[in-house]
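Enquirer: Quick one: the structure is below, questions incoming.
The values are calculated or read from the model by the stated rules, or taken from the named source; none is laboratory data. In this text the structure is predicted, and so the values were computed from the model without any measurement. Here the Cβ positions follow ideal geometry from the backbone for every residue, glycine too, while neighbour counts run over all protein chains shown. For accessibility, only protein heavy atoms count, side chains too; no ligands or nucleic acids. Shrake-Rupley method; radii C 1.70, N 1.55, O 1.52, S 1.80 Å.
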Amino acid sequence: MKVGRNDPCPCNSGKKHKHCCLNKTNTISIPWQIHEENEVLSNLLSDETFNRYYSKYRLQISKNILWVNDPKLPEGIDYRKSVHTSGVNIIRLRNIKPNVTESSKIAHEIHHVYLDCLGYPSIKSNDTKYENIAASLSSMLLDLIIEETLYLDGFNIRNDYENEMKIKQCQIIKLR
């Protein structure tokens, strides 16, 4: 993704790129194809609950979010929020156009970015060997806050949890 001279700097300093990191680098190198947010969320915005949530929280997120297709996410993980070394938030999706039944999962990842903007700490690892461990620790800490917020905003978290448990049970049975 090429960042223009007058664009906000991807390091989130608040400065224009030409007054910040332009001489350091003029591209952010990520191994995935970037998609426009409105393209990714087009199916979800027709859902009243998601639309209400998105309108309430997305405008409060000051940081850029890059939406990327990542078919190599670990087994059983369809979405993951990560942070590029430049500070840009990335939401990685196995399916770049999620359907309405996945709206709470996408809201969940957006809420990770929202909490990050509020200063809630998240555990990160620059070492890919520890990325899944860091994500698990971060999830244990932040997911309770996120799930409560999504529940209060009208998402049916119980159905999501039950479906997730069914999938995990099937995975365990396959391992036997």
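Enquirer: Among all residue pairs at least 6 apart or on different chains, which show Cβ distances below 8 Å where the first residue, located in region 149-172, is farther than 23 Å from N51 by Cβ and the second is at pLDDT below 75 and part of a loop (DSSP other than H, G, I, E, B)?
Expert: Note: pairs meeting the criteria are I167/G76; K168/G76; Q171/E75; Q171/G76.
Enquirer: Hey, could you check region 31-46 for residues that are part of a helix (DSSP H, G or I) and out of contact with any Ser or Thr (no Cβ under 8 Å at 6 or more places or on another chain) and say which is most open to solvent (accessible area, probe 1.4 Å)?
Expert: So, considering only residues that are part of a helix (DSSP H, G or I) and out of contact with any Ser or Thr (no Cβ under 8 Å at 6 or more places or on another chain), the one most open to solvent (accessible area, probe 1.4 Å) is N38.
Enquirer: May I pose another question? Could you check L66 against (1) in a strand (DSSP E or B); (2) at pLDDT below 85 and say which number it fails?
Expert: (2)
Enquirer: Follow-up question, since we're still on this one. Can you find even one residue in region 7-20 that is under 27 Å from I133 (Cβ atoms), in contact with a strand residue (DSSP E or B) (Cβ under 8 Å, 6 or more places away or on another chain) and modelled with pLDDT under 70?
Expert: Scanning region 7-20 turns up no residue that is under 27 Å from I133 (Cβ atoms), in contact with a strand residue (DSSP E or B) (Cβ under 8 Å, 6 or more places away or on another chain) and modelled with pLDDT under 70.
Enquirer: Restricting attention to region 47-62, which residues are open to solvent by less than 100 Å² (accessible area, probe 1.4 Å) and touching a helix residue (DSSP H, G or I) at 6+ places or on another chain (Cβ under 6 Å)?
Expert: If the condition is that a residue be open to solvent by less than 100 Å² (accessible area, probe 1.4 Å) and touching a helix residue (DSSP H, G or I) at 6+ places or on another chain (Cβ under 6 Å), then D47, F50, N51, Y53, Y57, I61 are the ones that fit.
Enquirer: Which one of these does S42 not meet: (1) modelled with pLDDT under 90; (2) more than 23 Å from D116 (Cα to Cα)?
Expert: (1)
Enquirer: Any idea which of I123, I77 is surrounded by 13 or more Cβ atoms within 10 Å (Cβ to Cβ), within 17 Å of the chain's Cα centre (by Cα) and at pLDDT below 80?
Expert: Unique residue meeting the criteria: I123.
Enquirer: Quick one: count up the residues across region 138-175 that are farther than 21 Å from P74 by Cα, of a type in the set (D, E, K, R) and part of a helix (DSSP H, G or I).
Expert: Here is the first cut: in region 138-175, the ones farther than 21 Å from P74 by Cα are 144-159.
Of the ones still in play, those that are also of a type in the set (D, E, K, R) are 147-148, 153, 158.
This time we only want the ones that are part of a helix (DSSP H, G or I), so: 147-148, 158.
Looking only at that region, the number is 3.
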